[in-house]
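As structure tokens, the structure follows; a few thoughts come after it.
Values quoted throughout were computed directly from the atomic coordinates according to the rules given, and no laboratory measurement underlies them. Note that the structure is predicted; figures quoted are calculated from it, not measured. Using ideal geometry, Cβ is built from the backbone for each residue, glycine included, and neighbour counts are taken over all protein chains shown.
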Amino acid sequence: LSDGNNMDANAYGPNWPEAYAVRNSVTDKSLSGNQWLPIPVGRAGRLALVTKNYTQFGGWLSGLAFSRNPWGHASLPAVSYHWAFNGGNATRWDAQWVNWYGDTLTALQNNATTTLRVPVMPTGRDKLFYMVEHNNYWNGAFHREIRVKGTAIERFFSTYDNPFARHFNGKTYARYIAARIPAGLITSTDRFLDVAIDGTATEIAIFFREAGTHDMDVPPLAEA
């Protein structure tokens, strides 16, 4: 997505668990139906969707719409972190993870600190940095510390309650984990945050489907 001054790179693989269903109902019986791909814009003006490398058969669209983003939500799927499109450390990959139970999958580096470039929509509010962990191990969220722009924040919690958590926790191979980022660490011009996850001396790295940020609390409807 380009606005003429900035280019945000993204990539998607199979994303069937998030297939779009009419009227917000649960996904219908069509396995490979339309996929909902939210792209945060952040301002008015002219925009361009650019098809880049690794895109098969061009960019196919069945619909396009603009809406509000009351939670200030921004995220990237697993494959974007593996290719490190927007910088940061490349995450691990395996051939079978291009379609692991209907979605892409990646993992942080083993016994190392992995820095991710995580998208953010500045709103002046505290954010939650979240990951959709693959929920296929007895713990799955081993880590020592999380730093944003070099500043330590809280470690992951699996108990935050919001629409994102409820959605992902309703899937079999998904678990929502999140850590609060104080608003003071985010400037009004930030598009990405350097998030360093310390996985040294841990039993197994975190496997995840997507990672991103959203406001910790929804604003009053009058502000949204």
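Summing +1 for each Lys or Arg and -1 for each Asp or Glu, what net charge is found among the other residues whose Cβ lies under 12 Å from the Cβ of residue 78? Could you put the intermediate results ahead of the total?
Working: positive: 92, 209; negative: 94, 103, 133, 210.
Local net charge: -2.
May I ask you to compute the full-extension gain from residue 47 to residue 110, defined as 0.36 nm times their residue separation minus their alpha-carbon distance, rounded to one decimal in nm? Don't jump to the answer; show the numbers that get you there.
Working: separation 63, 0.36 × 63 = 22.68 nm, distance 3.83 nm.
Here the answer is 18.8 nm.
Can you put 149, 127 in order of Cβ neighbours within 10 angstrom, beginning with the fewest?
Starting with the residue having the fewest Cβ neighbours, the order is 149, 127.
Compute the signed sum of charges (Lys and Arg +1, Asp and Glu -1) over the other residues within less than 11 Å, Cβ to Cβ, of residue 214.
Here the count lands on -1.
For each of 131, 121, count neighbouring Cβ atoms within 10 Å of the residue's Cβ, then give the residues from fewest to most.
The fewest-first ordering by Cβ neighbours comes to 121, 131.
In nm, what is the difference between 0.36 nm times the number of residues separating residue 188 and residue 204 and their Cα-Cα distance?
Result: 2.2 nm gained on full extension.
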